[in-house]
Amino acid sequence: MNKTGFIFDLDGVIVDTAKYHYLAWRKLANELGFEFTQEQNELFKGVSRKRCLEILLEIGNIKASQEQFSRWLVEKNEDYLSLIEEMDESEILPDVLKVLQFLKKHHMPIALGSASKNARPILEKVKLMDYFDVIVDGTHVAKAKPDPEVFLIAAKQLGVPPKDCIVFEDAVAGIEAANNAGMLSIGIGDDKVLSEAKFVFANFTEIDDQFLNKLIGLTP
Ligand code: G6P
Ligand code: MG
């Protein structure tokens, strides 16, 4: 039987880092003299750091030189890193471990496919590194989701054809990327927002062993 490859997004799927990203972006916006709301932060999910800053500056109607732009990118990331400094296993989202342990028990290949350049340190903080056979993050990809690049690299490194890969994603752009890669997409979040996904669950507590058995091909 051919193996199924499992690819997990990080932010919003394994850990809820959006709140920390939000605080760091809001601080920068406030320093630049404008407000940045939680609703606007929704637009940043799954979006690269550079693109987030471009959108933020559009919201604030601010023009930046190359040098300022780079400085603000560094500043935001430093603030973000200090906010997640104390992060630990308690921040792993509910039942993520249950799913990872199930897949490990059945020797399924597992990858991380994230836009974040901070993915490795975050996985280390929450002590999940050992679950991942492959890590593809923002330091490895040139094209951002919804481009399928990140997931195609992950599939290649897992040695599993894209059509046999399953992606867990919380962002619209991520679901699109998985679909564009020819993979089965599973949305974690609101089914109205993630309507392009093949399946949607509010969170991993809604995913039971019966569904997981189906995914790994044990039951039809
Ligand atoms: C994830 C998050 C985005 C974030 C991006 C880059 O996709 O959902 O909100 O902007 O990663 O993260 P980084 O840690 O590299 O700034
Ligand atoms: Mg995400």
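Below is a table of values for the structure above.
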item: ³J(HN,Hα) computed for each position of the stretch 170-181 - Karplus, 6.51 cos²θ - 1.76 cosθ + 1.60, integer Hz, glycine/proline x; result: 10, 10, 4, 4, x, 4, 4, 4, 5, 4, 5, 7
item: Radius of gyration and maximum dimension Dmax of the stretch 128-220, Cα, Å; result: 13.3, 38
item: Gain upon complete extension [N77, E58; 0.36 nm per residue less C-alpha separation]; result: 4.9 nm
item: Spatial separation of Cα centroids for the stretch 1-69 and the stretch 177-220, in angstrom; result: 24 Å
item: Overall Cα dimensions of the stretch 136-176 - principal axes, largest extent first, Å; result: 24, 20, 12
item: Relative contact order (%) - the stretch 165-220, alpha-carbon pairs under 8 angstrom, separation at least six; result: 26 percent
item: Sum of side-chain charges, V150 neighbourhood, beta-carbon under 10 Å (Lys, Arg +1; Asp, Glu -1); result: -2
item: Max mean-square fluctuation residue, GNM over the chain, Cα-Cα springs under 10 Å, options N179, N30, N203; result: N30
item: Those residues of the stretch 47-69 whose amide nitrogen sits under 19 Å from the label point placed on H140, 7 Å along Cα→Cβ; result: 47-49
item: Proximal charge balance of M129 [Cβ under 14 Å; K/R count +1, D/E count -1]; result: -2
item: Pairs from K76/K143; K104/K214; K3/K45; K3/K214; K27/K98; K117/K214 whose Cα-Cα separation, in the structure shown, is over 24 Å; result: K3/K45; K27/K98; K117/K214
item: The stretch 51-199, relative contact order [Cα under 8 Å, separation at least 6], %; result: 15 percent
item: Relative contact order computed over the stretch 91-176 (Cα-Cα under 8 Å; 6+ residues apart), in percent; result: 26 percent
item: Charge tally in the Cβ shell below 10 Å around M108, where Lys, Arg are +1 and Asp, Glu are -1, M108 excluded; result: +2
item: Percent antiparallel among DSSP beta bridges (both partners in the chain, rounded to 5); result: 5 percent
item: Quarter of the Cα convex hull surface for the chain, i.e. its orientation-mean projected area (nm²); result: 11.8 nm²
item: Per residue convex hull volume, Cα atoms of the stretch 1-108, in Å³; result: 129 Å³
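Read the figures in this text as sums done on the coordinates, not as results from a lab. Because the structure is a prediction, the values reported are computed rather than measured. Note: ideal-geometry Cβ built from the backbone for every residue, glycine included; neighbour counts use all protein chains shown.
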